[in-house]
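**Student:** Pasting in a structure now, in structure tokens, and then I'll have a few things to ask.
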Amino acid sequence: MRKNIQHIKYVLALLLVFSSQALHATQYSHAEALALYTAHNLCMPSPQGDGRIQTLNKKGAMSPALDIASLQFIKDSANKKVLEIGGAYGKVMFEVLSKNSGTEYHINDLDERHLFIAAGNLQNGIEKGNISQAVLPKVKYISGDITNKNFPIAEKYDAILIARVMHFFSPEKMDSAITNFARLLKPQGRI
């Protein structure tokens, strides 16, 4: 009986932690995300036969090719403040920052482990000389759910990318996400 009560308390504690995480976005600097990447000994899964890389939370996969929306976002991001929703392992972020070190880049994902791996990938790009180290103070990693009505990010962005993500949203979550996009986008901004 005592073991069952302890188990129930443990499950309730986990539910409290996960429900509070779903309500809040956690923001990390590059140094913080990179330290957590190293501390957790994370790595990207190997590509599948078609080149896609499965997400750790099994909610989708990162495509080997950039879609037309991502390619346009890369062009539109030069020297702007941008947000990527569902950025996974940072493929688009890497492309944007390798082309323009003047961009302020915020990347969001539901699973913070993806963001930590994205930080590791960005660091590798810097070490290989593909990206300027000057980008680091302008990069922010944001773990949280954009469909949360209380998504707590108060910043405004010139452009927001949400590619290959919205098909996961229910109609209610879609409404919340669109409300958040409207709140986060600067006048004349682009999604």
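The values are calculated or read from the model by the stated rules, or taken from the named source; none is laboratory data. Given the structure is predicted, the values throughout are model-derived calculations rather than measurements. Every residue, glycine among them, receives a Cβ derived from its backbone with ideal geometry; neighbour counts consider all protein chains shown.
**Student:** Does Leu122 satisfy the condition of being farther than 21 Å from Glu155 by Cα, modelled with pLDDT of 95 or more and out of contact with any Pro (no Cβ under 8 Å at 6 or more places or on another chain)?
**Tutor:** Values: farther than 21 Å from Glu155 by Cα: yes; modelled with pLDDT of 95 or more: yes; out of contact with any Pro (no Cβ under 8 Å at 6 or more places or on another chain): yes.
Considered against the rule, which asks whether it is farther than 21 Å from Glu155 by Cα, modelled with pLDDT of 95 or more and out of contact with any Pro (no Cβ under 8 Å at 6 or more places or on another chain), Leu122 comes out as yes.
**Student:** Restricting to region 90-110, name every residue that is on the phi < 0 side of the Ramachandran plot and not in a helix (DSSP H, G or I). Before the answer, list the steps.
**Tutor:** Initially, region 90-110 is screened for residues on the phi < 0 side of the Ramachandran plot, giving 91-110.
Matches in region 90-110: Asn100, Ser101, Gly102, Thr103, Glu104, Tyr105, His106, Ile107, Asn108, Asp109, Leu110.
**Student:** Moving to a separate point now. Quick check on this structure: which one of Lys173, Lys156, Lys140 is over 16 Å from the mean Cα position of the chain (by Cα) and closer than 24 Å to Lys75 by Cα?
**Tutor:** On the way: Lys173 fails: closer than 24 Å to Lys75 by Cα; Lys140 fails: over 16 Å from the mean Cα position of the chain (by Cα).
After ruling out the rest, the residue left standing is Lys156.
**Student:** Please go through region 13-35 and pick out each residue that is at pLDDT 50 or above and within 15 Å of the chain's Cα centre (by Cα).
**Tutor:** Taking region 13-35 as the starting set, the residues that turn out to be at pLDDT 50 or above are 24-35.
Hits for region 13-35 are His24, Ala25, Thr26, Gln27, Tyr28, Ser29, His30, Glu32, Ala33, Leu34.
**Student:** Could you count how many residues in region 126-174 are of a type in the set (S, T, N, Q), under 17 Å from Gly102 (Cα atoms) and not in a loop (DSSP other than H, G, I, E, B)?
**Tutor:** Here the count works out to 1.
**Student:** Something else: Return yes or no: is Ser63 surrounded by 16 or more Cβ atoms within 10 Å (Cβ to Cβ) and of a type outside the set (A, V, I, L, M, F, W, C)? Walk me through it before giving the result.
**Tutor:** On the way: surrounded by 16 or more Cβ atoms within 10 Å (Cβ to Cβ): yes; of a type outside the set (A, V, I, L, M, F, W, C): yes.
Considered against the rule, which asks whether it is surrounded by 16 or more Cβ atoms within 10 Å (Cβ to Cβ) and of a type outside the set (A, V, I, L, M, F, W, C), Ser63 comes out as yes.
**Student:** Quick check: is even one residue across region 83-90 surrounded by fewer than 17 Cβ atoms within 10 Å (Cβ to Cβ) and either closer than 22 Å to Ala177 by Cβ or at pLDDT 95 or above (or both)?
**Tutor:** no
Yes/no per residue for (1) among the hydrophobic types (A, V, I, L, M, F, W, C); (2) in contact with a Cys (Cβ under 7 Å, 6 or more places away or on another chain); (3) touching a residue at least 40 places away in the same chain (Cβ under 8 Å); (4) part of a loop (DSSP other than H, G, I, E, B):
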| residue | (1), (2), (3), (4) |
| --- | --- |
| Thr38 | no, no, yes, no |
| Pro45 | no, no, no, yes |
| Gly51 | no, no, no, yes |
| Asn57 | no, no, yes, yes |
| Pro64 | no, no, no, yes |
| Phe73 | yes, no, yes, no |
| Val82 | yes, no, yes, no |
| Ala88 | yes, no, no, yes |
